[in-house]
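Have a look at the structure below before the remarks.
The values are calculated or read from the model by the stated rules, or taken from the named source; none is laboratory data. If you're wondering where the values come from, they're calculated on a predicted model, not measured in any experiment. For neighbour counting, all protein chains shown are included, and Cβ atoms are generated from backbone atoms with ideal geometry for every residue, glycine included. Protein only, heavy atoms only, side chains kept; ligands, DNA and RNA dropped before computing areas. Shrake-Rupley method; radii C 1.70, N 1.55, O 1.52, S 1.80 Å.
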Amino acid sequence: MLLLVQYTLIFASVLILVALGGCFSEHSGVINIGLEGIMVMGALGGALMLKFVPATVPAVVMIVLVIAAAVLVGMLYSLLLAVAAINFKADQTLVGTALNLLGTAAAVVIVRAINMAENKDNVSSTITYINSKKAFLVRIGGFEFNWFMLIAAIALVVSYIVLYKTRFGLRLQACGEHPQAADSVGINVYKMRYAGVLISGLLGGLGGIVYITAGVSEWKFENGVAGFGFLALAVMIFGQWKPVNIGIAALLFGLFRALSNVYTGFPALVALKLPSTIYNMLPYIISLVVLAFTSGKSRAPKAEGIPYDKGQR
Amino acid sequence: MNKKEKRSLLRNGAVQSLIASLACILLGLLAGYIVLLLINPAGAGKAITAILKNFMYYPTKIKAMQYFGSTLVKTAPLLLCSLSVLFAYKVGLFNIGAAGQYVAGAGACLYCALALQLPWYFCVLAAIVVGAALAAISGLLKAYCNVNEVISCIMLNWIALYVVNMLLSTVKDASSPYSEALTAKNPGAIIPSMGLSAIFANNKYVTIALPLAVIVAILVWVLLEKTKLGYELKATGLNKQAAKYCGMREKYNIILTMAISGALAGMGASFYYLTGMEQWAVTQTSVPGMGFNGIAAAFLGGLHPIGAIFSSYFIQHITSGGAYVDKSMYCSQISDLISALIIYLCGFVFFFKLWLNRLLDRRDEKRAAQGQKGGEA
């Protein structure tokens, strides 16, 4: 049971971080379908840091370095979306999809190149970090507390305050609802949208490293992040683009994702004799069902997905 | 007179698309080359030529012809996936689920072939129906529940992968993670070659799937450009409300579009797995890239069915070519990287056309002004 709570919390943390990223981007008016790719790149940055920083450094240093790497790579990568979508008015869905494919392909190429440089026969796309990962974990009885859980909770609170209580957040939202009106009162829409996308890169990259360190100590980059970026988008929609609701939605989705990891620990579930594949599918099925019921009266930012053109009325 | 013709040529939409696509390819290859240089400067030049040469890597003509055939065999499913993507895109839907519909089609046709022992045409039909049904779910959700089709498609991609893995586990080879070989279990399920394989140095995987895929491309073009249905679908894509106001059934049109799109992707899968070239690995943990490469091919082909024939071939050419890079230095995924870059660059095509037209306008203005001045003098 404790294990279920632990997994639920860690997966919910991933979903909270990434969904909040999507939330910022969409509130500024840019659809970020590329979150999945941003997660992969952030995960790659963090994983390389885990690999190359010796496991003997103090835990705090390790945590800061890994987070910095994930965040930085995530933000740099999200710039690709920002430039294309904001300056060049590209189709945001297309560019986002490209980012997803590019993220996985680039990560595989990079990891393989590194692995092959170390050992000629190692052609796998896997990075292991069993020892360095311990910096993030604190054992409290049978419960493995992960610092990322705290970070996700902080991110949730900060996002709420930023979006609703600061000048920046309200302006950001204005750019996603009615950019022309925002522009007319002197808000630089392009700058705001850049800020939105970059924040989504920051949170997406962070979510990526959390995801690949949740429950496993090595990651095969050929798998990308298995649709988790899209689950986060589903969480965002289910949470109606509001931080608090996103937090609740993330817990629900996290629970179903955690079940596939730990269902063997529940005699009642094992007795059902369902193949493990069913539990793997569960998060995706649930999100489809949930989306079907909640998308009807969608409260999406009105101007999302539409490139802003100053000259247009 | 000559100059006037030249100008009108550059103004031509098809020519602009062609230039844009070629620019995307060149920039994509250049970026790929830079990545290769960064990994290991020693073999980068050789690696990029290996990717571009693909089957021409083999010195003998027979061997090259055989591998040319293999590339073509894989082009057929890619072409259908790209048609699937572009058909939906023309109607304003982004069918990222082509990958999942492809998976579903593969599962359906292999199950029909191996477990039910049906002949090939029934297997193809099953793949089409299942692909269409899967895509129709996305269409239904979009039309009636306002669910973004991109997200529902991604969810269905993963669901399809897991279901197909489960389904094909029942017809799995006892000693390997692959589904049973068609040649041993049900040769009647293999798409007939009708002598085509003789052209490709007896590459037995070359079948009538190739000409069929091209015919389908032409049919898609006819459907989109020359029929009332195609017109209605495109109108719905441009403006749902306007289409509804004109008396078109906009919800029905969305679902129908997705179903046709899914049918194309499902058919693509059957055109590949029913050649017997590859078996399905039931332990797969990621969705096959065919559907995603279809997105690259669709946009690279300028979203035109005939253009898709050439762009699909190109994408498959470099994907297959990736197998020939020096494995002691690089990995074959470098081609995936290049195709992903090409998709990204395709995002800039719209801006490129805008910029080109503006440039042409300015040049014409200048020329007109000069002409006037010349007249005065």
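Its relative contact order, with pairs defined as Cα atoms under 8 Å and 6+ residues apart, puts the range B:43-121 at 13 percent. The phi-based Karplus calculation (6.51 cos²θ - 1.76 cosθ + 1.60; θ = phi - 60°) puts the 3J(HN,Hα) values of the range B:350-356 at 4, 5, 4, 5, 4, 5, 4 Hz, whole numbers, x for Gly and Pro. The Rg/Rh ratio of the range B:309-377, with Rg taken over Cα atoms and Rh as the Kirkwood radius over Cα pairs, comes to 1.40. Taking all Cα pairs closer than 8 Å and separated by 6 or more residues, the relative contact order of the range A:1-91 comes to 26 percent. Under the convention that each Lys and Arg Cβ holds +1 and each Asp and Glu Cβ holds -1, the size of the dipole of chain B around its Cα centre is about 1160 debye. The tail of the calculated P(r) for the protein assembly as shown beyond 42 Å holds 26 percent of all Cα-Cα pairs. Largest GNM mean-square fluctuation among B:Leu38, B:Leu182, B:Leu161, using chain B with Cα springs under 10 Å: B:Leu38. The range A:130-179 and the range A:47-122 have Cα centres separated by 20 Å. Principal axis extents of the C-alpha atoms in the range A:98-257 (largest first, rounded to whole Å): 61, 41, 25. Two tests apply to each whole DSSP H helix in chain A, Cα reach of 20 Å or more along its axis and mean Kyte-Doolittle hydropathy of at least 1.6, and the ones passing both are A:2-28, A:59-82, A:147-165. Counting only protein chain heavy atoms and rolling a 1.4 Å probe, the accessible areas of A:Trp241, A:Trp219 rank, largest first, as A:Trp219, A:Trp241.
Hey, what's the Cα Rg ratio for chain B versus the globular rule of thumb, 2.2 N^0.38 Å? So the Cα radius of gyration is 1.09 times the expected 2.2 N^0.38 Å.
Size estimate for the range B:127-264 follows the Kirkwood approach: the inverse of mean 1/r over distinct Cα pairs works out to 18.0 Å. Per residue, the Cα convex hull of the range A:195-313 amounts to 147 Å³. Placing one equal scatterer on every Cα of the range B:9-137 and applying the Debye formula, the log10 ratio I(q)/I(0) at q = 0.12 Å⁻¹ is -0.79. Expressed as an acute angle from 0 to 90° and rounded to the nearest 10, what is the orientation of the C-alpha long axis of helix B:305-321 relative to the principal long axis of chain B? It is inclined by approximately 60 degrees.
Ratio of the range A:186-229's C-alpha Rg to 2.2 N^0.38 Å, to two decimals?
Working it through for the range A:186-229, the quotient is 1.61.
Inter-chain Cβ neighbour count for A:226-239, averaged per residue, equals 3 (cutoff 10 Å, partner chain atoms only).
Entry note, chain B: relative contact order of 31 percent, from Cα contacts under 8 Å with a spacing of 6+ residues. Calculated mean residue ellipticity at 222 nm for chain B: -24500 deg cm²/dmol, from DSSP H runs with n ≥ 4 weighted as -39500 (n - 2.57), summed, divided by the residue count and rounded to 500.
A 1.4 Å probe run over the protein chains yields, for the protein assembly as shown, 42 Å² of accessible area per residue, whole-number rounding. Against chain B, whose longest principal axis is taken from its Cα atoms, helix B:149-169 shows a tilt of about 20°. Computed with the Debye formula from one identical point scatterer per Cα of the range B:262-345, without solvent, the log10 of I(q)/I(0) at q = 0.11, 0.17, 0.22, 0.23 Å⁻¹ comes to -0.34, -0.82, -1.23, -1.28.
When chain B is treated as a GNM with alpha-carbon contacts under 10 Å, the residue of B:Gly307, B:Gly97, B:Gly294 showing the greatest mean-square fluctuation is B:Gly307.
With the alpha-carbon atoms of the range A:1-148 aligned to their principal axes, the span from lowest to highest coordinate is 51, 42, 27 Å, starting with the largest. Size descriptors for the range A:151-190, from the alpha-carbon set: Rg then Dmax equal 11.9, 37 Å.
Chain A packed on chain B takes about 3900 Å² of accessible surface away from a 1.4 Å probe, both sides summed.
The magnitude of the dipole of chain A, with charges of +1 and -1 set on the Cβ of Lys/Arg and Asp/Glu and taken from the Cα centre, is near 480 debye. Summed over qualifying helices (DSSP H, 4 residues or more, each -39500 (n - 2.57)) and divided by its residue number, chain A shows a 222 nm mean residue ellipticity of -23000 deg cm²/dmol. Computed from Cα atoms, the angle from the helix B:120-145 axis to the main principal axis of chain B rounds to 60 degrees.
Overall, the range A:221-313 carries a charge dipole of about 380 debye about its Cα centre when +1 sits on the Cβ of Lys and Arg and -1 on the Cβ of Asp and Glu, all other atoms neutral.
Shielding value for B:88-101 is 1, the average number of Cβ atoms from other chains within 10 Å of each residue's Cβ.
Within the range A:2-294, the percentage of alpha carbon pairs spaced more than 34 angstrom apart rounds to 20%. For the range A:268-308, the calculated P(r), taken from all Cα-Cα distances in 5 Å bins from zero up to the bin holding the longest distance, is 5, 17, 14, 15, 14, 12, 8, 7, 5, 3, 1, 0 percent.
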